[in-house]
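Please read through the structure below; I'll follow up with questions.
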Amino acid sequence: MPETNSNPKDRLMADLRQVVSDAEALLKLTASDLSESTVSLRERLQQNLTQARERLLTLQSNATERAKAAGHQADDYVHEHPWQAVAIGAGIGLVVGLLIGRR
């Protein structure tokens with residue numbers, strides 16, 4: 001069952017994880033079929049699954065590193081400019097409050 005995230009990248013990652021999981025289950029179910037075409041297909045599928053799993057892990061670690069870097073930059077900015085950060089937060093809160101109040 002796919003997750004309902006608002007971020008399309010998160011949905012894509014969840015969908016890819018589900019596809020990999022389903023493909024692994026399919027490999028297990030066809031393990032007893034020893035015909036040449038099935039064995040060949042299973043080998044190709046296993047190679048593709050390994051590559052997909054490695055790419056997913058790479059994408060996940062890259063996204064984590066970027067999020068950490070962005071968090072550190074925001075933290076540095078707030079420490080260097082505390083009053084500007086408070087003003088920005090208050091301004092965003094005001095705009096959100098006005099938008100909610102209109103409904």
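How large is the dipole of the chain about the Cα centre if only Lys and Arg carry +1 and Asp and Glu carry -1, each at its Cβ, rounded to the nearest 20 debye?
Values: 12 positive and 13 negative charges, 70 e Å.
Dipole magnitude for the chain comes out near 340 debye.
Can you grab the distance from the C-alpha centre of segment 76-103 to the C-alpha centre of segment 1-75, Å, no decimals?
If you average the Cα positions of each part, the centres end up 38 Å apart.
Given the C-alpha atoms of segment 1-65, compute the convex hull and give its volume per residue in Å³.
For segment 1-65, the hull spanned by Cα atoms encloses 75 Å³ per residue.
On the accessible surface of segment 49-103, probed at 1.4 Å, how many percent belong to carbon and sulfur atoms?
Carbon and sulfur together cover 63 percent of it.
So, taking all protein chains as they sit and a 1.4 Å probe, how much accessible area belongs to residue 64, in Å² rounded to tens?
60
Which value, in debye to the nearest 20, gives the size of the charge dipole of segment 46-103 about its Cα centre, when Lys and Arg are +1 and Asp and Glu are -1 at the Cβ?
Using Cβ point charges on Lys, Arg, Asp and Glu, segment 46-103 gives about 400 debye.
How large is the accessible surface per residue of the chain, computed with a 1.4 Å probe and reported in Å² as a whole number? Can you show the working numbers first?
Values: 8700 Å² over 103 residues.
Here the per-residue accessible area is 84 Å².
Between beta-carbons, use under 15 Å as the cut-off and find the net charge around residue 70, counting Lys and Arg +1, Asp and Glu -1.
Result for the local shell: 0.
Given a 1.4 Å probe and heavy atoms of the protein chains only, how would you sort 72, 81, largest accessible area at the top?
From most exposed to least exposed: 72, 81.
With a 1.4 Å probe and all protein chains kept in place, how do 32, 61 rank by accessible area, largest first?
Accessible-area ranking of 32, 61, largest first: 32, 61.
How much accessible area does residue 76 have with a 1.4 Å probe, in Å² rounded to the nearest 10?
80
Okay, next question. Give the ranking of 88, 100 by solvent-accessible surface, highest area first, calculated with a 1.4 Å probe.
Sorted by accessible area, descending: 100, 88.
Further question on the same structure: Which distance in nm do the two modelled labels at residue 16 and residue 95 give, with both placed 7 Å along the Cα-to-Cβ direction?
3.2
The values are calculated or read from the model by the stated rules, or taken from the named source; none is laboratory data. None of these values were measured; they are calculated from a predicted model. All Cβ positions, even for glycine, are placed from backbone atoms using ideal geometry, and neighbour counts span all protein chains on display. Each accessible area value is taken on the protein alone, full model and side chains, heavy atoms only, with ligands, DNA and RNA left out. Shrake-Rupley method; radii C 1.70, N 1.55, O 1.52, S 1.80 Å.
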